[in-house]
Amino acid sequence: MKKIGVLALQGAFREHVEKIEELGYQAIEVRKSEDLEDIDGIILPGGESTAMGRLLSDFRMKAPLIEKIKSGMPVWGTCAGMILLAKELEDDATVHLGVMDIVVKRNAYGRQIASFEVDEVIERISDEAIPLVFIRAPYIVALGQEVELIHSVDGNIVAARQENMLVTAFHPELTDNKKCHAYFLKIVEDFACTQKKKSV
Amino acid sequence: MNKQYNLNKNLAQMLKGGVIMDVTTPEEAKIAEEAGACAVMALERVPADIRKHGGVARASDPDMIKGIQAAVSIPVMAKVRIGHFVEAQILEALEVDYIDESEVLTPADPMLHINKRDFSVPFVCGAKNLGEALRRIAEGASMIRTKGEPGTGDVIEAVRHMRMMNSEIARIQSLRKEELFNAAKELQAPIQLVEYVHEHGALPVVNFAAGGVATPADAAMMMQLGCDGVFVGSGIFKSGDPRKRAAAIVKAVTHYKDAKMLAEISEKLGEPMVGINVYSIKNEELMANRGY
């Protein structure tokens, strides 16, 4: 069975763990660099990116995580996770993992009072409209050439993919819909498949 | 309930596994953010000072809250007096991210809490037991915390409240369906919420620890007792080395089950806040007894 890591330093990691398990995969809570060794993909959950970034550094997990992602391990960042992956943040010199060629604006919609939910179809992920929940959400203000736009809401980019890296500004783990998780697990399966071919 | 209420519960979910720190200046807010706090609580005096100074404690000066909002990018919470709906309207106008209707301030209503359903901004409220928690949720709170005994650095009351919550939830779960009506009567809480607890074995919202947490071990203990995260009030900026202690408590909440890690984290933190033994406080001065 494929093992999906969920970064469990802070934030809504339990919700991701539940979704992964409901879809029949094993979920591993990742709190130390050793936990990164035996996983086939990793989700960076929502929460506070400053808190997670600080803990990634303090627990010396930054370098091994960057290396894993660069070697092709599938990663999905939701909300704060997207901020962690970004190469650049708007109006903020902080760079956390800096692996994905996107520029992200934090708290792009404003404070909690501006948090919102919409139902939209994301063709790549689902034929039907799925609920998209934005909580003090960021969005992407610029994409690198290698990055594929997956979805925009009101003209702002809220989902994108660069090879093994998927980011969403919204929180599929907070809804009953599992389509986004299924989409990410497909990326994990495809990656495992190519790895197998390589080793043969 | 409406969409905004769900979004407000969702924000509390994002705070889980994190530490919310009391701060009184933009400088302290920066220290908290750098230490890894998942939110800050902006207030003029920490509970230990409110206790010491006495008098009437009210909501903070909006200018002070705005200063803290400008200083950090993490969510900013602020306190209002129990029942003081106009203080809450003012904080909503300031667009704070969460309002704490708090027993730390002097209550403004002798019978009622705020009807939190009238607001778009989310509310967190303290609770000593399940009935209190469910009443606050019925009024529209989207997050609960233990009351503990604020400003003491003594964790015993927070432990009492969390243990009480756990045992009452377990009792509700063990009841037969028809017994829930009587349980609702005893808890003085709406039947729908009692049914939710019966079915899920948990509150319908996130539950944090608060009131007396002063060390990484205190924080980890509350997490092991089943809290989703921790508020630290006076415990940080009344200690010898706030920067170090703040970062250590954040780490302890992440690694709350890892004793080896906790030992490492707890080293050389300097003096903790001095603290007051809860049992030395006169009954009428206990903050946890405020609220209905």
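The values are calculated or read from the model by the stated rules, or taken from the named source; none is laboratory data. The shown structure was predicted, so the numbers you read here are calculated from the model rather than taken from an experiment. Note: ideal-geometry Cβ built from the backbone for every residue, glycine included; neighbour counts use all protein chains shown. For accessibility, only protein heavy atoms count, side chains too; no ligands or nucleic acids. Shrake-Rupley method; radii C 1.70, N 1.55, O 1.52, S 1.80 Å.
Check the range B:81-88 and report whether any residue there is touching a residue at least 60 places away in the same chain (Cβ under 8 Å) and at positive phi. Within the range B:81-88, not a single residue is touching a residue at least 60 places away in the same chain (Cβ under 8 Å) and at positive phi. Taking (1) open to solvent by 10 Å² or more (accessible area, probe 1.4 Å); (2) part of a strand (DSSP E or B) in turn, B:A78 satisfies each apart from (1). Which residues, counting only those in the range B:14-46, are small (G, A, S) and in a strand (DSSP E or B)? Hits for the range B:14-46 are B:A39, B:A42. With respect to the conditions (1) within 13 Å of chain A (Cβ to nearest Cβ); (2) crowded, with 23+ Cβ neighbours inside 10 Å, B:L43 lacks only one, and its number is (1).
Report yes if A:D58 is acidic (D, E), farther than 23 Å from A:K2 by Cα and touching a helix residue (DSSP H, G or I) at 6+ places or on another chain (Cβ under 9 Å), otherwise no. Spelling it out, A:D58 is indeed acidic (D, E), farther than 23 Å from A:K2 by Cα and touching a helix residue (DSSP H, G or I) at 6+ places or on another chain (Cβ under 9 Å). Taking (1) without any contact (Cβ under 8 Å) to a residue 40 or more places away in the chain; (2) outside any loop (DSSP other than H, G, I, E, B) in turn, B:S239 satisfies each apart from (2).
Here is a check on your reading of the model: is B:I249 under 18 Å from B:A209 (Cα atoms), open to solvent by less than 80 Å² (accessible area, probe 1.4 Å), in contact (Cβ under 8 Å) with a residue 12 or more places away in the chain and within 14 Å of chain A (Cβ to nearest Cβ)? Here the answer is yes, as B:I249 does meet what is asked.
Which ones in the range B:14-29 are open to solvent by 30 Å² or more (accessible area, probe 1.4 Å) and either farther than 17 Å from B:F231 by Cα or within 11 Å of chain A (Cβ to nearest Cβ) (or both)? Let's see the steps before the verdict.
Step one: list which residues in the range B:14-29 are open to solvent by 30 Å² or more (accessible area, probe 1.4 Å), which gives B:24-28.
Hits for the range B:14-29 are B:T25, B:P26, B:E27.
Of the residues contained in the range B:1-13, none is found to be in a loop (DSSP other than H, G, I, E, B), closer than 23 Å to A:L7 by Cα, of a type in the set (K, R) and facing chain A (nearest Cβ under 10 Å). Return yes when B:I50 is touching a helix residue (DSSP H, G or I) at 6+ places or on another chain (Cβ under 6 Å) and over 20 Å from B:F119 (Cα atoms) and no when it is not. No.
Counting the residues of the range B:218-236 that are open to solvent by 40 Å² or more (accessible area, probe 1.4 Å) and part of a helix (DSSP H, G or I) gives 2.
Of all residues in the range A:42-61, which are outside any loop (DSSP other than H, G, I, E, B) and within 14 Å of chain B (Cβ to nearest Cβ)?
Taking the range A:42-61 as the starting set, the residues that turn out to be outside any loop (DSSP other than H, G, I, E, B) are A:42-44, A:49-58.
Matches in the range A:42-61: A:L44, A:S49, A:T50, A:A51, A:M52, A:G53, A:R54, A:L55, A:L56, A:S57, A:D58.
Residue-level check: of (1) surrounded by fewer than 16 Cβ atoms within 10 Å (Cβ to Cβ); (2) closer than 20 Å to A:F184 by Cα, A:I102 misses just (1).
Is there a residue being within 13 Å of chain B (Cβ to nearest Cβ), in contact with a Ser or Thr (Cβ under 7 Å, 6 or more places away or on another chain) and closer than 26 Å to A:Y139 by Cβ anywhere in the range A:9-29? Working first, answer last.
At the first step, the residues of the range A:9-29 found to be within 13 Å of chain B (Cβ to nearest Cβ) are A:9-18, A:29.
Remaining after also requiring in contact with a Ser or Thr (Cβ under 7 Å, 6 or more places away or on another chain): A:9-10.
From the residues that got through so far, the ones that are closer than 26 Å to A:Y139 by Cβ too are A:9-10.
Within the range A:9-29, one or more residues are within 13 Å of chain B (Cβ to nearest Cβ), in contact with a Ser or Thr (Cβ under 7 Å, 6 or more places away or on another chain) and closer than 26 Å to A:Y139 by Cβ.
The set of residues in the range A:1-46 being of a type in the set (G, A, S) and either more than 27 Å from B:A37 (Cβ to Cβ) or open to solvent by 10 Å² or more (accessible area, probe 1.4 Å) (or both) consists of A:G24, A:A27, A:S33, A:G41.
If you scan the range B:116-154, which residues turn out to be open to solvent by 20 Å² or more (accessible area, probe 1.4 Å) and more than 13 Å from the chain's Cα centre (by Cα)? Correct list: B:R117, B:D118, B:F119, B:S120, B:N129, B:R135, B:A138, B:E139, B:G153, B:D154. For A:V75, the stated conditions do not hold, so it cannot be described as open to solvent by 20 Å² or more (accessible area, probe 1.4 Å) and more than 13 Å from chain B (Cβ to nearest Cβ). Could you tell me whether the range A:80-88 includes any residue that is more than 14 Å from every other protein chain (Cβ to nearest Cβ), open to solvent by 10 Å² or more (accessible area, probe 1.4 Å), within 19 Å of A:G155 (Cα to Cα) and of a type in the set (D, E)? Among the residues of the range A:80-88, not one is more than 14 Å from every other protein chain (Cβ to nearest Cβ), open to solvent by 10 Å² or more (accessible area, probe 1.4 Å), within 19 Å of A:G155 (Cα to Cα) and of a type in the set (D, E), which makes the answer no.
Residues that are more than 7 Å from chain B (Cβ to nearest Cβ) and open to solvent by less than 20 Å² (accessible area, probe 1.4 Å) were ranked within the range A:109-135; the one that is modelled with the lowest pLDDT is A:S126.
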